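Nothing in this text is a laboratory measurement; each read-out follows from the coordinates by a stated rule. Please read these numbers as outputs of a predicted model, since none were measured by experiment. We place every Cβ from the backbone using ideal geometry, glycine too, and count neighbours over all the protein chains shown.
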Amino acid sequence: MADESRFEQVKGNIKETTGNVMDNKVLEKKGKASSKAKEVTENVKDKISGIIEKLNN
């Protein structure tokens with residue numbers, strides 16, 4: 001699952017970079033939002049997993 005999330009982050013970074021190079025602000029913003037959303041989602045999942053693990057111990 002983490003590999004899928006990382007792949008999505010990379011895709012977002014590619015969109016952002018492509019938008020930047022092509023001076024396409026819409027593509028750049030979509031890429032930035034996509035990669036950031038995946039990063040935040042992964043961080044939340046990690047924190048929740050840590051909390052659940054602590055509660056189980």
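Only lysines eight or more places from LYS29 in sequence, or on another chain, were considered; those with a Cα closer than 25 Å are LYS11, LYS15, LYS38, LYS45. Placing dummy labels 7 Å off each Cα toward the beta-carbon, the span from ALA37 to ILE14 is 1.8 nm. Full extension of the chain segment joining SER49 with VAL21 gains 6.3 nm, where the gain is 0.36 nm per residue of separation less the Cα-Cα distance. Other residues within the sphere of radius under 13 Å centred on the Cβ of ALA33, judged by their own Cβ, net out at +4 (K and R +1, D and E -1). The calculated pair-distance distribution of the chain uses every alpha carbon pair, bins of 10 angstrom beginning at 0, and gives 26, 36, 22, 11, 4, 0 percent.
Across segment 5-22, computed HN-Hα scalar couplings (Karplus, 6.51 cos²θ - 1.76 cosθ + 1.60, θ = phi - 60°) run 5, 5, 4, 5, 5, 5, 4, x, 5, 5, 4, 4, 5, 4, x, 5, 5, 8 Hz from first to last residue, x flagging Gly and Pro. About its Cα centre, the dipole of the chain is roughly 200 debye, where the only charges are +1 on Lys and Arg Cβ and -1 on Asp and Glu Cβ.
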